[in-house]
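In what follows, a structure is listed as structure tokens, so that the remarks can point back to it.
Every read-out reported here was derived from the displayed coordinates using simple, explicitly stated rules and does not represent laboratory data. Keep in mind that this is a model prediction, so the values were computed, not measured. For neighbour counting, all protein chains shown are included, and Cβ atoms are generated from backbone atoms with ideal geometry for every residue, glycine included.
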Number of protein chains: 2
Amino acid sequence: MKYRHPERDQIRVDEVLSALGHPVRLAAVRVLAGGGEHNCTSVLTEIGVPAKSTMTHHWRVLRDSGVIIQEPSGRENLLTLRRDDLDARYPGLLDAVLAGARTDEAGS
Amino acid sequence: MKYRHPERDQIRVDEVLSALGHPVRLAAVRVLAGGGEHNCTSVLTEIGVPAKSTMTHHWRVLRDSGVIIQEPSGRENLLTLRRDDLDARYPGLLDAVLAGARTDEAGS
């Protein structure tokens, strides 16, 4: 199954913020931002907690908002953070969000 | 009626992103970021559209997430963007969001 993704100039900041504004999705994006090749299972393993079925919704929100690319690869889905697209369209936003997540983590 | 607001160190980035990740709330924050003294009515007048009753929910989300201060003043509620708190806790985030909103506006 091939997924649809918005083009860079179709991305909207309110949709990006809404997608990132959920603890599970933000945790998943932090894993992807950490580098390395990831699929749904490997991200789930790192963040723990939600069931695979719950994540289907979260992956769609992240995909539809332009935050990640999700592409089939064998029996799994490869996941990639669209860092270049986000940095080009909204300079500094993703880095500020990731730094903010670290601030919260350090303080809690 | 006096409202409760989180302290600076109680603010969480996912809640801020979720609060900003709605077109009406983002529009309201942009009005507040533009400076000047604002109350609920004056922001509504600038952004148009939603009924005052709908905005009660949006103000609460912005207040609870630490994005705005809402304080009674006579028969109105004064609204203030917590720029100092947000800039101190999440450097660059608010500016990147506001710039992003301008990017979207220019492109659409």
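What are the semi-axes of the equivalent ellipsoid of chain A, taken as the square roots of 5 times the eigenvalues of the Cα gyration tensor, listed largest first and rounded to whole Å? It would help to have the intermediate numbers written out before the result.
Numbers: eigenvalues 80, 68, 28 Å².
Working from the Cα gyration tensor, I get semi-axes of 20, 18, 12 Å.
Among B:Gly100, A:Ser73, A:Tyr90, which residue has its Cα furthest toward the positive end of the charge dipole of the protein assembly as shown, with +1 on Lys/Arg Cβ and -1 on Asp/Glu Cβ?
A:Ser73
Taking H placed 1.01 Å from N in the peptide plane, check which residues at least 5 places from B:Leu78 or on another chain put their amide H under 5 Å from its amide H.
Excluding prolines and chain starts, which carry no amide H, the hits are B:Glu71, B:Ser73.
Only four residue types carry charge here, +1 at the Cβ of Lys and Arg and -1 at the Cβ of Asp and Glu. Report the dipole size of the protein assembly as shown about the Cα centre in Debye, rounded to the nearest 20.
Values: 28 positive and 30 negative charges, 116 e Å.
Once rounded to the nearest 20, the dipole reads 560 debye.
Could you grab the Rg to Rh ratio for the protein assembly as shown? Cα atoms only, Kirkwood for Rh. Kindly include the intermediate steps, with their values, before the conclusion.
Details: Rg = 18.1 Å, Rh = 18.1 Å.
So for the protein assembly as shown, dividing Rg by the Kirkwood Rh gives 1.00.
Could you check the simple spin-label distance between A:Thr41 and B:Ser42, using points 7 Å along Cα→Cβ, in nm with one decimal?
Once both label points are built, they end up 5.8 nm from each other.
Which of the peptides B:21-31, B:95-105 is most tightly packed, and how do the rest follow, going by the mean number of other Cβ atoms within 10 Å of each residue?
Working: B:21-31: 20.8, B:95-105: 18.4.
In descending order of packing, they fall as B:21-31, B:95-105.
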